[in-house]
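Participant: What follows is a single structure, and I will ask about it in a moment.
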Amino acid sequence: MSTRLKRAVRGSELAKALARTFEGQDVDLRAVAPLSAPREGALLFMTRRATLTLPPKVVVLAAERPAAIAWIPTEWPRLDFVKALRWLDEHAGFEGYEGEPQVHLSARIGGGTTIGRGVVIGERTVIGHGVRIADGVRIGSHCSIKSGAVIGEDGFGFERDTDGTPIRMLHLGGVILGDRVEIGSLTTICQGTLAPTIIEDDVKVGDHVHVAHNCWLKKKAIVTAGAEISGGVTVGEQSLIASSSSVLENVHLGDRVLVGLGAVVLQNVPAGTTVVGNPARPVAGR
């Protein structure tokens, strides 16, 4: 599914469905979007006050009045956004990816591989046996995806309801793989929530790796076997994440960072730094 709705929904109608009040000028909602990439006619949520400029016609779920013409006040912006996604999916529906896969004639596809609607696969890319490529995934040229990999399924995104029940967040963002990307056997690349998970040119990912929703692996990064990269992590250019290491969600690794074997990274790492251990700490002298 994409982030665009099949039909417009009034902001006040959504507020009523969430048992919330509605303030400001009513707006036709035609999509959902992250706060980092707002667009006109979209539903957004804001967990803390932000100073960014919003498009004229958006609806914002927020605890404090935002700089927007339409506002749904809530103590739990992210929770209500997750509930809003589910309600919108049931009552309006999100647009799906259309059309058969566009697979370059020079690409090779292994037996038992399934390719979803709207997928694009570039020149001389090789897909192994039993690979699952979900709807809307874009794969560049000269890529290699080994057997058993899963590209573009939903990530593990939940928000707890007020009684503690986990509620799954819809994932609509897709996956984009650049050129000359390699993905190992039984590796999972999850699609983003509202924006895509991005694997840039010349990135190499080993076997049994988990790359969660909304990660961004920049050019020439390497991730070796058994590593786990949590949601929203950025891995800088030419960085290397060694086997069996883990990176906490939303951590930023700068360019040319080295994460040592089995390290557990809990905070941002500046460019050119080597970190080792649990919790990971910089190595002296580098």
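The values are calculated or read from the model by the stated rules, or taken from the named source; none is laboratory data. Nothing here was measured: the structure is a model prediction, and the numbers come from that model. Cβ: placed from backbone, ideal geometry, glycine included. Neighbour counts: every protein chain shown. Areas reflect the complete protein model, heavy atoms only, side chains present, ligands, DNA and RNA absent. Shrake-Rupley method; radii C 1.70, N 1.55, O 1.52, S 1.80 Å.
Participant: Is there any pair with a first residue in segment 225-236 that is more than 19 Å from Ala149 (Cβ to Cβ) and a second that is open to solvent by 10 Å² or more (accessible area, probe 1.4 Å) and assigned to a strand (DSSP E or B) whose Cβ atoms are under 7 Å apart and which are 6 or more apart or on different chains, and what are they?
Facilitator: Within 7 Å, the pairs are Thr234/Trp216; Thr234/His252.
Participant: Only residues that are of a type in the set (Gly, Ala, Ser) and closer than 16 Å to Arg10 by Cα: list them for segment 50-85, please.
Facilitator: Within segment 50-85, Ala68, Ala70, Ala84 qualify.
Participant: Something else now. Pull up segment 151-167, narrow it to residues that are in a strand (DSSP E or B) and open to solvent by less than 40 Å² (accessible area, probe 1.4 Å), then point me to the one that is nearest to Gly99 (Cα to Cα).
Facilitator: Step by step, filter segment 151-167, then rank; the result is Ile151.
Participant: Among (1) out of contact with any strand residue (DSSP E or B) (no Cβ under 7 Å at 6 or more places or on another chain); (2) more than 30 Å from Leu35 (Cα to Cα), there is one condition His104 misses while meeting the rest; what is its number?
Facilitator: Failing condition for His104: (1).
Let's see how each residue does on (1) within 30 Å of Gly116 (Cα to Cα); (2) modelled with pLDDT under 95; (3) among the hydrophobic types (A, V, I, L, M, F, W, C):
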{"site": "Val181", "(1), (2), (3)": "yes, no, yes"}
{"site": "Ser185", "(1), (2), (3)": "yes, no, no"}
{"site": "Lys204", "(1), (2), (3)": "yes, no, no"}
{"site": "Ser239", "(1), (2), (3)": "no, no, no"}
{"site": "Gly277", "(1), (2), (3)": "no, no, no"}
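Participant: If Gly128 satisfies every condition in (1) in contact with a Lys or Arg (Cβ under 7 Å, 6 or more places away or on another chain); (2) open to solvent by less than 10 Å² (accessible area, probe 1.4 Å) but one, which is the exception?
Facilitator: Exception for Gly128: condition (2).
Participant: If you don't mind, another one. Quick test of your reading of the structure: Asn250 fulfils all but one of (1) free of Cβ contacts under 8 Å to residues at least 40 places away in the same chain; (2) over 19 Å from Gly155 (Cβ atoms). Name the failing condition by number.
Facilitator: Among (1) free of Cβ contacts under 8 Å to residues at least 40 places away in the same chain; (2) over 19 Å from Gly155 (Cβ atoms), Asn250 violates only (2).
Participant: Identify, from the list Gly148, Gly136, the residue that is out of contact with any helix residue (DSSP H, G or I) (no Cβ under 9 Å at 6 or more places or on another chain), open to solvent by less than 30 Å² (accessible area, probe 1.4 Å), part of a loop (DSSP other than H, G, I, E, B) and within 20 Å of Leu194 (Cα to Cα).
Facilitator: After applying the criteria, what remains is Gly136.
Participant: To continue, here is another question. Evaluate the following for Lys83: is it touching a residue at least 40 places away in the same chain (Cβ under 8 Å), of a type outside the set (A, V, I, L, M, F, W, C) and over 28 Å from Leu35 (Cα atoms)?
Facilitator: Against the criterion (touching a residue at least 40 places away in the same chain (Cβ under 8 Å), of a type outside the set (A, V, I, L, M, F, W, C) and over 28 Å from Leu35 (Cα atoms)), Lys83 does not qualify.
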